[in-house]
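Below is one structure; the comments refer to it alone.
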Amino acid sequence: MEEKKITIGGQAVIEGVMMRGPELVATAVRNPQGRIELEVKPVNSIADRYPIFKKPMLRGCVSLFESLVMGIRSLGYSAQMAGEEDEQLTDKELAGTMIFAFALAAVLFIAIPTGAAKLFHVITEDPVFLNLMEGFLRLFIFMAYIFAISRMKDIQRVFQYHGAEHKTIACFEAGEALTVENVARHTRLHKRCGTSFLLIVMLVSIFVFAFLGWPDLAERIASRIILLPVVAGISYEIIRFSANSDNCLLGWAVKPGLWLQKLTTREPEPEMIEVAIESAKAVLPEDKIPAGTGSYR
């Protein structure tokens, strides 16, 4: 029987990288003294306890929620290790942060676009057209947001760690030893990137919401929120299958996400790659770490 391939993913944090493996999640951060600090925790996915959440469509929603929780926790840890915060987030603070983030996203990417789309009533009353205009407004706001934060100096450094994360994963997937030299040669663009996922969500939502009619503002906002799990599920399946397929159509479907990563990733410094390698090593089983992999702690 063919051995199951191990998949790892991650995200950039403050002065570091979080990686998630099959059973562990690790956050590696370079502290102000130049040492690499490492936190490793079990994944504890709800899908492991309730296998139904591994089914198509449902797994995308679970992945999105768990990635958000792990990402915020890792950001809190990285801020503390980098000397920017005194304490990590408590569970109460984590819940509050997630509620605030969701509310802000709902206002920015749902309420504002669907409210502004009424301006197109002067052109036509066709609900399909109005919904499409709403979708393109949402996409425009998303792209403008990404472009704006990509100009910030501190965020550019996070984007360098983002590039280090992608390069390290690409090096591992190529079966090469995880060394600074090997990792640096790989691309900083990756099909399974969260940035690509968000862009696919924006594009899929345009088509899903196009045929919902044009009720009042409150109903439009509610329908978008209710159908968000459906949009996330479809988007996740597109990303999942495109990463493991040579299908031309799927390949073109994820190309916009790869293009967008040219904004959200930067070429990392060698010291950043070292951090990403240590994070990746921490989530891999001992026998799966490629021979010749370097040690940087």
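Values in this text are rule-based calculations from the coordinates and carry no lab data. Model, not experiment: these values are computed from the prediction. Cβ sites come from the backbone with ideal geometry, for glycine too, and all protein chains shown count toward neighbours.
Quick rundown of the values:
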{"read-out": "Those residues of the stretch 121-178 which are in a loop (DSSP other than H, G, I, E, B) and closer than 29 Å to GLY292 by Cβ, in sequence order", "value": "ALA174, GLY175, GLU176, ALA177, LEU178"}
{"read-out": "Condition broken by ALA144, with the remaining ones in (1) buried (at least 20 other Cβ atoms within 10 Å of the Cβ); (2) of a type outside the set (Val, Ile, Thr); (3) within 30 Å of ASN131 (Cβ to Cβ) satisfied", "value": "(1)"}
{"read-out": "Any chance GLU125 is among the acidic types (Asp, Glu) and either in contact with a Phe, Trp or Tyr (Cβ under 6 Å, 6 or more places away or on another chain) or over 27 Å from VAL25 (Cβ atoms) (or both)", "value": "yes"}
{"read-out": "Index of the failed condition, VAL180 passing every other in (1) surrounded by fewer than 16 Cβ atoms within 10 Å (Cβ to Cβ); (2) touching an Asp or Glu at 6+ places or on another chain (Cβ under 8 Å)", "value": "(1)"}
{"read-out": "Test set (1) over 19 Å from PHE136 (Cβ atoms); (2) free of Cβ contacts under 8 Å to residues at least 40 places away in the same chain - VAL204 fails condition number", "value": "(1)"}
{"read-out": "Filtered residue count, the stretch 272-297, keeping only those that are among the charged types (D, E, K, R) and either farther than 30 Å from TYR77 by Cα or under 23 Å from the mean Cα position of the chain (by Cα) (or both)", "value": "3"}
{"read-out": "SER150, sole failed condition from (1) surrounded by 14 or more Cβ atoms within 10 Å (Cβ to Cβ); (2) touching a residue at least 60 places away in the same chain (Cβ under 8 Å); (3) farther than 29 Å from TRP214 by Cα; (4) out of contact with any Leu (no Cβ under 7 Å at 6 or more places or on another chain)", "value": "(4)"}
{"read-out": "Wholly enclosed strands (runs of 3 or more DSSP E) of the stretch 1-93 bearing at least 3 residues surrounded by fewer than 19 Cβ atoms within 10 Å (Cβ to Cβ), over 17 Å from the mean Cα position of the chain (by Cα) and of a type in the set (Lys, Arg)", "value": "none"}
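So that you can scan it fast, the table gives a plain yes or no per residue for (1) assigned to a helix (DSSP H, G or I); (2) within 16 Å of LEU64 (Cα to Cα); (3) over 21 Å from the mean Cα position of the chain (by Cα):
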{"site": "PRO215", "(1), (2), (3)": "no, no, yes"}
{"site": "GLY233", "(1), (2), (3)": "yes, yes, no"}
{"site": "GLY251", "(1), (2), (3)": "yes, no, no"}
{"site": "VAL254", "(1), (2), (3)": "yes, no, no"}
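To keep it simple, each residue is scored yes or no on (1) more than 26 Å from PHE53 (Cβ to Cβ); (2) in contact (Cβ under 8 Å) with a residue 40 or more places away in the chain; (3) exposed (fewer than 15 other Cβ atoms within 10 Å of the Cβ).
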residue	(1), (2), (3)
ILE221	yes, yes, no
SER242	no, yes, no
ALA253	no, yes, no
LEU258	yes, yes, no
GLU267	yes, yes, yes
ILE289	yes, yes, no
